[in-house]
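Everything below concerns the one structure shown next.
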Amino acid sequence: MEDLKYTIYIGGTPKQVWEALVSPEGTRAIFFGSVLQSTFEVGAPYAYVGPGDDGDETVHVYGTVLAYEPYSLMSYTEHAGPSYRENHAELETRITMELEPMGASTKVTFVNDRWPEGHPSYESTKQSWPMILSNIKSYVETGKTLDLGW
C-alpha cells in the first residue's frame, strides 16, 4: 500500500503547532474531543482517548512512541482503537510528523506509512488526513477548528 504523505504550511511557530498536537486543549479541539495520553518517552504507550462508542473514555487510536523531540519531531506506531476493529492489534501503521520553521510559519511534513496489505482503514484514512491537517492549520492560525459536518 502506498504511503500517505502530506506537506502543509501553517502560519504559526513550531511551538504553537506542537502545542496544538500534544496539549489537552489542542488535541480536544483538533481530534474531536480526544486527549493525547502519554509520558512521551521513546517506547512508552500513547492513546487518543475521548468521547465515542465506548463512552467518554473511548480509545480511538493507540500505539507506542518511536521518537519525540519537542517542537520538531514525533513518530509513533498507530492502531485503531478496540471498538473500531476486532483485529486492531494486527493493524499497525506508523505516523511521523516533522516540524520545520519557515520564517514566521511552520512546514509540517506528515507521513503515515508501513500499511499492512489489505488494511481495512486505508481508504478512509487517506480521505480523513487532509481534513485533520486542515483542521490543525485552522486551529493554529485562528484558534477555531473547521466545521466539517462531523
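Quick notes
- Accessible surface, 1.4 Å probe, highest first, among residues LEU133, LEU148: LEU148, LEU133
- Length-normalised contact order of the chain in % [C-alpha pairs under 8 Å, at least 6 apart]: 26
- For ARG114, the shell of other residues with beta-carbons less than 10 Å away shows a net charge of -3, using +1 for Lys and Arg and -1 for Asp and Glu.
- For ARG28, solvent-accessible area (1.4 Å; no DNA, RNA or ligand), Å²: 120
- Put a dot 7 Å past the Cα of ASP113, heading toward its Cβ, do the same for ASP53, and the two dots end up 3.0 nm apart.
- Over the chain, the fraction of Cα-Cα pairs per 10 Å bin, rounded to whole percents and listed from the shortest bin up, is 11, 41, 39, 8, 0.
- Using a probe of 1.4 Å, the accessible surface attributed to ILE136 totals some 10 Å² when neighbouring protein chains are kept in position.
- Those residues of the range 89-129 whose amide nitrogen sits under 17 Å from the label point placed on TYR71, 7 Å along Cα→Cβ: 98-108
- 3J(HN,Hα) along the range 16-25: 5, 5, 4, 4, 5, 7, 10, 6, x, 5 Hz, from the Karplus curve 6.51 cos²θ - 1.76 cosθ + 1.60 with θ = phi - 60°, whole Hz, x for Gly and Pro.
- Rounded to the nearest 20 debye, dipole of the chain from Cβ charges on Lys, Arg, Asp, Glu: 500
- Structure-based [θ]222 nm, the chain - -39500 (n - 2.57) summed over DSSP H runs of at least 4, per residue, nearest 500: -7500 deg cm²/dmol
- Of all accessible heavy-atom area on the chain, the percent that carbon and sulfur account for (1.4 Å): 51
- Largest-first ordering by accessible area, 1.4 Å probe, given options SER138, SER124, SER72: SER124, SER72, SER138
- Amide hydrogen neighbours beyond the local backbone of VAL35, cut-off 5 Å, H modeled: VAL49, GLY50
- With the charge dipole of the chain set up from +1 on Lys and Arg Cβ and -1 on Asp and Glu Cβ about the Cα centre, the Cα lying farthest toward the positive end among the listed residues TYR71, ALA104, THR58 is that of ALA104.
- Per-pair calculated FRET efficiency, R0 = 25 Å: ARG85 and ASP147 via Cβ, rounded to 0.05: 0.35
The values are calculated or read from the model by the stated rules, or taken from the named source; none is laboratory data. The structure displayed is predicted, hence computed values, not measured ones. When we count neighbours, we look across all protein chains shown, and the Cβ atoms used for this are built from the backbone with ideal geometry, even at glycine. To get the accessible areas, we keep the full protein, side chains included, count just its heavy atoms, and leave off ligands, DNA and RNA. Shrake-Rupley method; radii C 1.70, N 1.55, O 1.52, S 1.80 Å.
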